[in-house]
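Worksheet: one structure, shown below.
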Amino acid sequence: MTTESPRILLADDEETFRKATATLLEQEGYRCDSVQNSEHASRLLMSEHDVLISDIRMPGNMQFEFLRDVRTRFPLLPIVLVTGYPSVQTAVESLRLGFTDYLLKPVDWPDLRRAVADAVKKTSLVRMTTSVREEASRLVASLEHLQDTLPQLGSGANERELAWSLDTFLAQSFSSMAVLSSRIRSVLTSQMQGHAEAPTDVCRMMECPRLAVYREALEGTVEVLEKTKIAFRSKDLGLLRAKIEQLLREDI
């Protein structure tokens, strides 16, 4: 599957800077949408954009109104500010609104290139983290359903088929989580070069609010398997229970 290049929105009323910067960004492999005022930028900006590069003093943003609106609509979008009129007021407002970078014109291209690259990594990490959260929620829901279903199974159920279904379900679920964890770790590793090794425990790294529910569902599954071990005298089910208990001991 082909991955699309990061998409940048560049908003600046200075034509020479806007065109030159857009060309340089495209040469770096980015997709770049460029507009000359905040009104056009506001209409064009969407969740698919990875970064916003914006001038401060341009029509529609003389009092930061455009940028405040963007921060409200897209609270996690990295915003790189460029300005030829620096002031304490704009610097303080930039910090308050949590903008990614504040660069002075004439902007040195290496500085802007670095700022954009860092911002793209941040967006990638945010999207992957969101994906992991969604996957974790789906997994918890599946485990809760499994916990509710097991007690309803009668003693006439096919033990091997049941064990295979449970084992396959868990293998697929944890495999999916492992892939997502690996992707996030790769982003963190590249973003934190020269720092301590990135954490590998994705759920703890995100302070996942459903970690307790996740563990409870697994513990409930083990408990049900323990209670039904007499009705289901199966080596496969015993191995399945041991596998889940091992996961719990590893403090997933």
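Read-outs: derived from the displayed coordinates by stated rules, not from any lab. Everything numeric here is computed off the predicted structure, so don't read it as measured data. Neighbour counts are summed over all protein chains in view; Cβ atoms, including those assigned to glycine, are modelled from backbone coordinates with ideal geometry.
If you scan segment 30-55, which residues turn out to be hydrophobic (A, V, I, L, M, F, W, C) and over 25 Å from the mean Cα position of the chain (by Cα)?
Narrowing segment 30-55 to residues hydrophobic (A, V, I, L, M, F, W, C): 32, 35, 41, 44-46, 51-53.
Val35 - this is the single residue of segment 30-55 that is hydrophobic (A, V, I, L, M, F, W, C) and over 25 Å from the mean Cα position of the chain (by Cα).
Scanning segment 14-34 for residues that are under 17 Å from Val82 (Cα atoms) and either surrounded by 20 or more Cβ atoms within 10 Å (Cβ to Cβ) or touching a strand residue (DSSP E or B) at 6+ places or on another chain (Cβ under 6 Å) (or both) yields Arg18, Thr21, Ala22, Leu25, Cys32, Asp33, Ser34. Filter segment 35-79 down to residues that are under 20 Å from Asp118 (Cα atoms) and of a type in the set (Gly, Ala, Ser) and give me whichever is surrounded by the most Cβ atoms within 10 Å (Cβ to Cβ). Top of the filtered list is Ser54.
Within the set Ser34, Ser54, the sole residue that is in contact with a helix residue (DSSP H, G or I) (Cβ under 9 Å, 6 or more places away or on another chain), in a strand (DSSP E or B) and within 17 Å of Thr123 (Cβ to Cβ) turns out to be Ser54.
Evaluated against (1) in contact with a helix residue (DSSP H, G or I) (Cβ under 8 Å, 6 or more places away or on another chain); (2) closer than 18 Å to Arg18 by Cα; (3) of a type outside the set (D, E, K, R), Leu104 falls short on exactly one condition, (1).
Just checking, does segment 62-70 include any residue being in contact (Cβ under 8 Å) with a residue 24 or more places away in the chain, under 29 Å from Thr3 (Cα atoms) and in contact with a helix residue (DSSP H, G or I) (Cβ under 6 Å, 6 or more places away or on another chain)? No, that holds for no residue. Scanning segment 1-27 for residues that are touching a residue at least 24 places away in the same chain (Cβ under 8 Å) and over 24 Å from Ser94 (Cβ atoms) returns Glu4, Ser5. Of all the listed residues (Val82, Val107), the sole one being surrounded by 15 or more Cβ atoms within 10 Å (Cβ to Cβ), in contact (Cβ under 8 Å) with a residue 60 or more places away in the chain and part of a loop (DSSP other than H, G, I, E, B) is Val107.
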